[in-house]
Each structure stands twice: as C-alpha cells, then as structure tokens.
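Notes for the one structure printed next.
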Amino acid sequence: MNLSEIKDLMSQFDESSLREFSFKQDGNELRFSKNERQETPVSAQASAVSELANHAVVASDIKSEVAVDKDELVLTQTAEGELVESPLVGVAYLAPAPEKANFVSVGDSVKKGQTLMIIEAMKVMNEVPAPRDGVVTEILVSDEDVIEYGQGLVRIK
C-alpha cells in the first residue's frame, strides 16, 4: 500500500461515521480511531502520577494509571487482582433473580468454584465460577450488560 492510498483511506475515514477502523494486508496493519481517550507513554504516566500524587488518595490495593483526555490529565484507578474473563458472549446477570441479592460484591471473600455471576447465552444460563479463593476487589460489569468473549468481569485478589 502506498502513501496516496493511505491518505485516501484516512480521508474516507474522517468523513465517515466510523469511530475505529483497522486494515491488515501482507503483514502490515493500519489502525484509525476517533476515540478521544488515548494512552500516554509509560514515562509520561510515571511523571504525571508523581505530580498528581499530592492531590490523590490511593489505597494500598489500587494502582494508578494516567490517560490523556483532550489535553487534560485524568487519574483513573484500577484495582489489583487476577482478572476473571468471560468464557462466552451473552448478557451478564449479577444476581440469581431480579429481587435477589447479588452473587458477590466488592470486598466479599470467595471460594474456588463459587458463582460470581450468570451469563445468559441463547436462553441458557451459564454460571461463571471463581477460578480461585480470594477477595473480590472490583466488579467490571453491570447487571444486564452485553458481554464479549474474553471481556473482564471481576478481579479477585
């Protein structure tokens, strides 16, 4: 692919309503994105975190990450722990029934095999078990969210 073809693709992408575009050919890949949030290089993140550390309260089980959002530094927090990923595509349910309590909440201790949530796929309810004993540090989805394969569901420390 030559430079004029790439420029033509960029122009068409800019004029389209697409938010992201990816193209692979002969081992080369082009990726375009109109999404506003971009990751900064690690060295920039480290210096920004040290500058913002005076203004942020960070718990011992939380890591800080910095992302650039329209020329402003934004401090986001990611809980520590092993990420439990979705084994299939479907709809997540955090409780066994609408009027029942959630299977787990942040801070709950869980045992290996304990149900964390249910994913409905093709009218079948599939339980998502805890892969190990631990404490739930973060729940990454909401009730009735549509889930993709491999998407993070919860973190267990």
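Derivation of every value follows stated rules applied to the coordinates shown; laboratory data play no part. Bear in mind the structure is a predicted one, so any value in this text is a computation, not a measurement. Neighbour counts run over all protein chains shown; Cβ positions are idealised from the backbone, glycine included.
Computed packing ranks the peptides 97-107, 113-123 as 113-123, 97-107, most packed first, by mean other Cβ atoms within 10 Å. Once the Kirkwood radius over Cα pairs is known for region 82-156, the Stokes-Einstein relation at 4 °C and 1.567 mPa s delivers a diffusion coefficient of 107 µm²/s. Put simply, the amide H of ILE147, placed in the peptide plane, has neighbours under 5 Å in GLY90, VAL91, ALA92, leaving out anything fewer than 5 places away on its chain. Given R0 = 25 Å, the distance between the Cβ atoms of SER22 and GLU85 translates into a calculated FRET efficiency of 0.70. Extension gain for GLU5 to LYS112 (0.36 nm times residue separation, less C-alpha to C-alpha distance): 33.2 nm. Extending 7 Å from the Cα toward the beta-carbon at both ALA101 and GLU144 defines two label points whose distance is 2.3 nm. Take the alpha-carbon centre of region 1-18, take the same for region 103-126, and report the distance between them in whole Å. Using only Cα atoms, the two centres lie 44 Å from each other. Summarising the label geometry, the points placed 7 Å from Cα in the beta-carbon direction at GLU29 and LYS123 lie 3.9 nm from one another.
Add +1 for every Lys or Arg and -1 for every Asp or Glu among the other residues with Cβ under 11 Å from the Cβ of GLU20, and state the total. Neighbourhood net charge equals +3. For PHE103, the residues 5 or more places off, or on other chains, whose built amide H falls under 5 Å of its own are ALA95.
Across region 142-157, computed HN-Hα scalar couplings (Karplus, 6.51 cos²θ - 1.76 cosθ + 1.60, θ = phi - 60°) run 10, 4, 6, 6, 7, 10, 9, 4, x, 6, x, 10, 9, 10, 10, 10 Hz from first to last residue, x flagging Gly and Pro.
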